[in-house]
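Report on the structure given below.
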Amino acid sequence: MKVDMPERYRKFKRTWGTYYAYDNYTGNSVSLKTRDKAEAVKKVNAMNETERQPSISLGLARVYLNATDPKLATRTWQEVMQHIVEKKTDETRRRWEVAIKDKNFDRIRNLKVAETRPEHFDRALADAKVSTNVYLRRIHNHALGMDWLLKPVIPRLQWPRPVFKPKRAITAEEHAAIVARELNAERRDFYELLWHSGAAQTDAACLAAEDIDWERRTICYSRKKLKSRGGNIKPALIRFGEEVAAILKQRPQTGPLFPYLRTVRPGDRATEFRQRCEGLKIKGVTLHSYRYAWAERALKCGFPERFAQQALGHNSKAVHHAYSKRAEVTVPSLDEWEKQWKKDPLNLQRPKLVAVDFQAQAPIPETTQAQAPESAQAQAV
């Protein structure tokens, strides 16, 4: 006697007119994304056919895919990576060329994109390496954006959260010890400039004398890693003081400020800095720690956030908050603040702001600031 097994999926119609497929095994339902009954019947029949004969269904799927994109069924993840690299330029391209050489990607490098399952990505992410997680997600999103993937391999909310190593700012004492021990004048001035400017190591190493405006006492440069995003990124513009002026006067007055460090790879500059830290028993800092230090110093002394963003080259407040979240700031007592306000509400001390006009040729005298109308002060705040 032949017993017909019940179909796994059946269709039903929601009150708003859309057809859904109901799973008789799990009780879950999924939208068929159609209001047409005939199309819904075809989709449910295809789902049931897949359950009965999965190998034949896979072959039929390849036939349909080849009709839309001949390479859709054969494209590998290595081809996706190479396609990304070809679209990048300069420093961004170099970063990607290094990233795709990750040994963890060897597990999926020759795997066909259309046949990728979550467990394939899980194997690549098994060692919880941050760079693998970040770049694999970008590669995955690129394949989705190019319609080379029919659906996400791992849903967005199911991606493992990358666990970053603790980051901290370099202290003034640590910086002073490194500078005092450094015998190379170019490298010593380089570390000093990082401390005073908060620039990224590649941006500082590539500075030229032509980036300095001595009349306005400003340094203007564009972030190297943002160059590939086009010309809409605002350049970093920093007004320097006497300490930075003394450093800049020691550097060449034409051409690159750091001729040797400009030619060194960022990884090699980082290695040289780490060697100096190890010699002084300093742990937990890198060249990027100078940016954390600059942002924390700015927040501690009440430096306006919009000026700090301009100096660090950030266009997002979230990025700057990430840099300065470790800064220690004492919040004044609200009770004392309120009592002072009740005594003299008009002359309550306001948070100190440093007015910086990057277009001005000379600093504004204090007497002129005192005579400025109240509306102008409010607008500056």
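The values are calculated or read from the model by the stated rules, or taken from the named source; none is laboratory data. What you are looking at is a predicted structure, and each value in this text was computed from that prediction instead of being measured. Here the Cβ is made from the backbone with ideal geometry for all residues, glycine too, and neighbour counts use every protein chain on show. Ligands, DNA and RNA are stripped out before the accessible areas are found, and what is left, the full protein with its side chains, is counted by its heavy atoms. Shrake-Rupley method; radii C 1.70, N 1.55, O 1.52, S 1.80 Å.
Summary table
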| read-out | value |
| --- | --- |
| Test result for Leu111, open to solvent by less than 40 Å² (accessible area, probe 1.4 Å), over 23 Å from Thr286 (Cβ atoms) and more than 17 Å from the chain's Cα centre (by Cα) | yes |
| Filter result (buried (at least 18 other Cβ atoms within 10 Å of the Cβ) and either over 13 Å from Ala204 (Cβ atoms) or in contact with a strand residue (DSSP E or B) (Cβ under 6 Å, 6 or more places away or on another chain) (or both)) within the stretch 263-279 | Cys277 |
| Criterion: more than 23 Å from Val98 (Cβ to Cβ) and part of a loop (DSSP other than H, G, I, E, B) - qualifying residue of Leu150, Leu193, Leu144, Leu237 | Leu150 |
| Looking only at the stretch 297-334, and only at residues there that are over 21 Å from Tyr221 (Cβ atoms) and within 19 Å of the chain's Cα centre (by Cα), the one that is modelled with the highest pLDDT | Lys325 |
| Hey, Arg117 free of Cβ contacts under 8 Å to residues at least 60 places away in the same chain, open to solvent by 20 Å² or more (accessible area, probe 1.4 Å) and more than 19 Å from the chain's Cα centre (by Cα) or not | yes |
| Any hit, the stretch 147-154, residues being exposed (fewer than 11 other Cβ atoms within 10 Å of the Cβ) and modelled with pLDDT under 90 | yes |
| Flag for Thr202 being of a type in the set (S, T, N, Q), assigned to a helix (DSSP H, G or I) and at pLDDT below 90 | yes |
| Members of the stretch 21-50 that are closer than 13 Å to Arg10 by Cβ and of a type in the set (A, V, I, L, M) | Ala21, Val30, Leu32, Ala40, Val41, Val44, Met47 |
| Residues satisfying the stated conditions in the stretch 1-13, i.e. open to solvent by 90 Å² or more (accessible area, probe 1.4 Å) and modelled with pLDDT of 90 or more | Lys13 |
| Given (1) surrounded by 13 or more Cβ atoms within 10 Å (Cβ to Cβ); (2) in contact (Cβ under 8 Å) with a residue 40 or more places away in the chain; (3) charged (D, E, K, R), index of the condition Arg181 fails | (1) |
| Neighbours by Cβ (under 9 Å, 6+ apart or cross-chain): first from the stretch 286-303, on the phi > 0 side of the Ramachandran plot; second open to solvent by 30 Å² or more (accessible area, probe 1.4 Å) | Gly302/Val329; Gly302/Pro351; Gly302/Lys352; Gly302/Leu353; Gly302/Val354 |
